[in-house]
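The values are calculated or read from the model by the stated rules, or taken from the named source; none is laboratory data. If you're wondering where the values come from, they're calculated on a predicted model, not measured in any experiment. All Cβ positions, even for glycine, are placed from backbone atoms using ideal geometry, and neighbour counts span all protein chains on display.
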Amino acid sequence: MTAGDPITLRVELSGSGSLRQALPPSLRESEDFRVYKSRLVNEDFQRDGLTGRKIIEQVVIPTHSGVDEIPALEFSFYDTASRQYQTIQTNPIPLKVLEGAPGQDRASAISSLPGHSLELAPSLLGEDLIYLKLRPGNLRDLRALEPGWVFTGFSTLPFALWGLFSLALNRKEQRRIDVAGTRRQQAPRRLRKHLSQLDQSSEELYATIWSILSDYLGARLNLPAGELNPQEVMQVLPASVAGECREHLSEWMRRCERARFAGRQTEGSDDDLRRDFRDFILNLDRELSA
């Protein structure tokens, strides 16, 4: 071999004890060798974790011709049988290093394991030394691996469904907690539903008008369910309701009260009453929504 050729030095530790924590023997930097950090390539332990083996590799490079051996490697351990620290070492490994020719690039491997022959494969030798792949094969454009719209759409679909489901649950919980707010929000829709049924009502007309007023004002002003109190209604009526609309509301409640106890007085046809009440209640709803 020639100076500058990398050598992979392989060492095996086997036995029983704390092999997992054992520091592997390695060659130190010197004038003769440039060395790289040792790395673990294989380990095989029994279930107890105290018996087995592990194999360590280290890349070393002779720096000049004339190097005739790799120095012996030492390993120190505590012998539990003799209760003493002991140090063992390998035999020096003979080398013959020649002067390297320009452009020459070769690699060797030496193993401390008897009878082992090593086959070199492209591998990382150090932080700044790596074999290059001469035939990379068929290369593909990375843009071909980008996900398309279909994949993106299906990937985001579960999150969108989760968001909608969470929103629905949140709104349901808010309605359960804020009963008064829910009643106010539903009051205009319920009012229009009742007005659509006003023309088909077969009951006494003022009784139907009073029922619509009670349902709408009770929900809109958050009044307790039951008999509507005209005095209480006028007290809690918001300032956004103009004076004229207040007077009309008070008049409609008086007319309903009078019809309930004194009978209906002649005040025009049923169609005129329906039209006047519909105009009034829709105007009141607009002012309460302002």
_Any residue that is basic (Lys, Arg) and modelled with pLDDT under 85 - is there at least one of those in the range 1-12?_
no
Of the residues in the range 207-257, those that are under 18 Å from Asn283 (Cα atoms), modelled with pLDDT under 85 and among the acidic types (Asp, Glu) come to none
Being surrounded by 14 or more Cβ atoms within 10 Å (Cβ to Cβ), free of Cβ contacts under 8 Å to residues at least 60 places away in the same chain, in the same structural domain as Ser16 (by TED's automatic domain parsing) and of a type in the set (A, V, I, L, M) narrows Ile70, Ile56 down to just Ile56
Out of curiosity, is Leu191 out of contact with any Lys or Arg (no Cβ under 8 Å at 6 or more places or on another chain), among the hydrophobic types (A, V, I, L, M, F, W, C) and in contact (Cβ under 8 Å) with a residue 24 or more places away in the chain? yes
Taking the range 13-37 and the residues there that are at pLDDT below 85 and hydroxyl-bearing (Ser, Thr, Tyr), the one that is nearest to the chain's Cα centre (by Cα) would be Ser18
When restricted to Gly52, Gly15, Gly66, the only residue part of a loop (DSSP other than H, G, I, E, B) and on the phi > 0 side of the Ramachandran plot is Gly66
Selection over the range 1-32 where residues are among the hydrophobic types (A, V, I, L, M, F, W, C), free of Cβ contacts under 8 Å to residues at least 60 places away in the same chain and buried (at least 17 other Cβ atoms within 10 Å of the Cβ) yields a count of 2
Taking the range 38-53 and the residues there that are among the aliphatic types (A, V, I, L, M) and under 39 Å from the mean Cα position of the chain (by Cα), the one that is surrounded by the most Cβ atoms within 10 Å (Cβ to Cβ) would be Val41
When the range 69-99 is checked residue by residue, the ones that are more than 14 Å from Ser16 (Cβ to Cβ), outside any strand (DSSP E or B) and small (Gly, Ala, Ser) are Ala72, Ser82
Taking the range 131-155 and the residues there that are in a helix (DSSP H, G or I) and modelled with pLDDT under 75, the one that is nearest to Pro6 (Cα to Cα) would be Leu142
* **Test: Gln58 is closer than 24 Å to Glu29 by Cβ and not aromatic (Phe, Trp, Tyr)** => yes
Residue pairs within 8 Å by beta carbon, gap of at least six or interchain, first lying in the range 41-52 and touching a residue at least 12 places away in the same chain (Cβ under 8 Å), second loosely packed, with under 12 Cβ neighbours inside 10 Å and acidic (Asp, Glu), listed first then second, are Gly52/Asp44
